[in-house]
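The values are calculated or read from the model by the stated rules, or taken from the named source; none is laboratory data. From a predicted model like this one, the values you see are computed outputs, not experimental measurements. Note that each Cβ is placed from the backbone with ideal geometry, even for glycine, and that neighbours are counted across all protein chains shown. All accessible areas refer to the heavy atoms of the entire protein, side chains included, with ligands and DNA or RNA removed. Shrake-Rupley method; radii C 1.70, N 1.55, O 1.52, S 1.80 Å.
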Amino acid sequence: MTALRKIVFPLPLGWVAIACLLAITACDSPPQGGASGQQDEVASIAVYRHAMDGAPTSLDPAQASNIYANFIAVNLFDTLYRYKYLARPYRLEPNLAEGLPQVSADGLIYTIRIKPGVHFIDDPAFPDDKGRALRAADFVYSIKRHFDPAMRAQGAWLWQGRIVGLDEWKEDGADYDQEVPGLRALDDRTVQIQLIAPFPQLPHTLAHGLSAIVPREAVEAYGLEFAVRPVGSGPFRLAEFNSSRAVLLRNERFRKEPFDLATEGFDPARQSGLGLERLEDRAPPFTPRIEIEFIAEDAARWNAFIAGELDFVKVPVSQFDQVLQSRDPPALRPEFADRFHLAANLESGFVHTDFNMDDQRIGYHPDADQDARNRALRCAIVKAFDWSKRNEIFYYGIGQVFPGIIPPAAPEFDPDQDRSAVIRDLDGARGLLSSFGWNAGNLPVLEYGFTSSVTERQMFEQFRSFMGDIGYPAEKIRALTYATYGDYAKAYLNREVMLITTGWTMDYPDAENTMQLFFGPNATPASNSANYDNEEFNRLYRASATMQPSALRTAMYRNMNQIVIDDCATISGISRRLILLWRREHALLPDRSFVGGYFFRFVDASRAAGGGE
């Protein structure tokens with residue numbers, strides 16, 4: 001399928017050593033300072049067995065840039081914030097923080113208090129092997145790591161150009177003992193962040209695994225090995241980790257905070273029957289052992305689930321017909337409904353195909369007449385694209401097609417938006433080509449990039465057939481194939497690909513995160529792979545980027561969305577719907593979106609659903 005831009009990353013050179021370390025150590029026994037001697041003890045108690053379709057190479061939060069690493073990092077380490085377990089739309093909730101930030105009137109200074117009595121796990125990195133209290137200075141250190149060139153960390157983009165003095169700290173040599181004016185520990189329990197300009201999304205970035213808090217002495221003691229020997233203060237501790245699985249054991253020192261259904265956003269109309277009521281007033285984590293199997297192959301993952309070796313699975317599209325009795329709404333066949341719960345999760349992102357606006361054959365052109373002709377060509381291609389068939393053939397017809405770049409997961413999404421931009425219009429496409437003098441003889445060659453796979457090739461051939469319906473010669477639509485996603489990303493970040501099909505997974509539930517994909521200054525090698533540069537869009541982005549959520553800001557986002565649609569800068573888009581199954585005897589609501597791995601602490605595998613105390 002299409003590659004997700006923040007899911008697949010080429011390994012930095014320094015992390016090749018980590019991959020080797022995984023293969024050598026494999027953590028066949030619990031790491032030192034972990035749950036040594038507890039393997040036999042937990043063998044007979046509750047276990048939740050989770051399947052993931054990919055594996056992390058590092059458990060260091062500084063490398064938690066993909067969904068697999070993030071899922072585990074937020075369980076081994078603490079973040080200041082998280083998302084409420086059950087609330088939809090998603091809402092922030094204090095995690096390690098005592099409450100939401102205190103924000104100055106000008107929106108530039110955030111003061112955050114940390115809960116008392118939080119300790120890192122016991123580990124030989126500490127004196128007497130005893131985990132010390134977590135302090136505000138640990139948060140400051142953890143954020144600094146992303147700006148240390150020696151770390152080759154993955155998260156600097158979240159705060160780059162945002163925090164007073166942090167970029168300068170990097171340029172001055174990244175001395176951890178040098179204070180950053182905008183990133184300070186006022187005392188052991190108070191963090192203060194000073195921004196260069198208002199950034200309302202800051203608290204959301206502090207719910208991401210990249211912001212998880214690590215102790216400096218453990219990082220310095222273990223060096224590169226910290227990637228497979230994590231020391232955190234989260235609800236679990238690592239017992240085992242290798243390229244095929246991870247085992248997490250409950251951190252018995254994790255703070256005791258009784259679960260409250262109402263606080264977590266429980267909706268009886270939608271969430272009754274999942275056993276969640278039995279969690280009330282109990283302190284998570286509820287399950288003492290989490291086993292995570294990394295199984296990339298769809299068939300192997302599915303077979304393990306059906307054989308009873310797993311408690312959860314993301315159902316492969318190839319099995320949808322076997323599992324689903326109906327598509328809209330998705331419902332299980334009786335033989336599956338008797339054994340499993342179902343969640344049909346819309347992804348927090350979307351798949352789209354960008355035009356490289358830096359390519360004068362299809363994008364911006366210095367000659368005004370040719371520039372207008374190129375826009376007409378792009379719009380004809382957009383009109384010829386058949387989203388209904390794309391959804392039906394590759395997403396089982398249950399994806400949600402929408403116009404533009406505000407996906408349904410964003411709170412600013414407009415369900416009543418004009419959908420004409422995603423409804424096929426062959427007559428309109430042919431009319432545009434004819435009106436602007438395009439014909440089979442002078443149409444440019446379209447170079448369509450993708451990674452080498454059967455599915456991606458099929459998507460390319462479907463695109464070529466769509467274009468053939470408006471008279472585009474098949475020989476003028478050419479495949480640019482790449483062996484790996486890393487090769488593909490390198491090519492489009494170098495502006496070498498004319499049509500770029502990717503997916504974007506949102507980092508937080510705010511449309512700013514997708515608006516920035518088309519902000520001119522973010523052109524490649526940054527996140528704007530379309531190299532789109534519209535003056536009015538840029539003006540609105542700058543104005544809205546410093547605003548708190550409001551009806552006015554939402555209106556501005558929707559205006560920006562329409563500008564991108566009108567410029568035909570992208571063929572967009574679809575949010576895929578994931579079919580998740582889990583065993584009825586377990587109480588949980590899995591999430592592949594913003595809650596992510598945070599839901600592990602709320603899994604109860606100890607009793608049959610509905611059972612008593």
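Considering 293, 309, the condition of being in a strand (DSSP E or B) and not hydrophobic (A, V, I, L, M, F, W, C) is satisfied by 293 alone.
Against the definition (in contact with a Pro (Cβ under 8 Å, 6 or more places away or on another chain), buried (at least 20 other Cβ atoms within 10 Å of the Cβ) and not in a helix (DSSP H, G or I)), how does residue 240 come out, yes or no? In short, yes. The number of residues in segment 198-217 being surrounded by fewer than 22 Cβ atoms within 10 Å (Cβ to Cβ) and under 21 Å from residue 121 (Cα atoms) comes to 2. Reported count of residues in segment 243-270, each being under 24 Å from the mean Cα position of the chain (by Cα), buried (at least 16 other Cβ atoms within 10 Å of the Cβ) and at negative phi, is 6. For segment 138-178, the tally of residues that are in a loop (DSSP other than H, G, I, E, B), surrounded by fewer than 17 Cβ atoms within 10 Å (Cβ to Cβ) and charged (D, E, K, R) stands at 4.
Of everything in segment 62-77 that is open to solvent by less than 10 Å² (accessible area, probe 1.4 Å) and part of a loop (DSSP other than H, G, I, E, B), the residue that is farthest from residue 245 (Cα to Cα) is 77. For residue 125, the conditions (1) in a helix (DSSP H, G or I); (2) in contact (Cβ under 8 Å) with a residue 60 or more places away in the chain; (3) hydrophobic (A, V, I, L, M, F, W, C); (4) open to solvent by 10 Å² or more (accessible area, probe 1.4 Å) are fulfilled apart from (1).
Tallying residues that are within 17 Å of residue 559 (Cβ to Cβ) and open to solvent by 40 Å² or more (accessible area, probe 1.4 Å) within segment 421-434 yields 0. Confirm whether residue 30 is modelled with pLDDT under 85, of a type outside the set (Lys, Arg), open to solvent by less than 30 Å² (accessible area, probe 1.4 Å) and not in a helix (DSSP H, G or I). Considered against the rule, which asks whether it is modelled with pLDDT under 85, of a type outside the set (Lys, Arg), open to solvent by less than 30 Å² (accessible area, probe 1.4 Å) and not in a helix (DSSP H, G or I), residue 30 comes out as yes. Take the residues in segment 179-195 that are free of Cβ contacts under 8 Å to residues at least 40 places away in the same chain and surrounded by fewer than 19 Cβ atoms within 10 Å (Cβ to Cβ), then tell me which one is nearest to residue 59 (Cα to Cα). My answer is 179. Exactly one residue among 536, 475, 496, 461 is open to solvent by 60 Å² or more (accessible area, probe 1.4 Å) and part of a loop (DSSP other than H, G, I, E, B), and that residue is 496. Taken together, 454, 445 contain a single residue that is open to solvent by less than 60 Å² (accessible area, probe 1.4 Å) and over 24 Å from residue 563 (Cα atoms), which is 445. Evaluate segment 220-235: report whether one residue or more is in a helix (DSSP H, G or I), of a type in the set (Asp, Glu) and farther than 30 Å from residue 543 by Cα. Among the residues of segment 220-235, at least one is in a helix (DSSP H, G or I), of a type in the set (Asp, Glu) and farther than 30 Å from residue 543 by Cα, which makes the answer yes.
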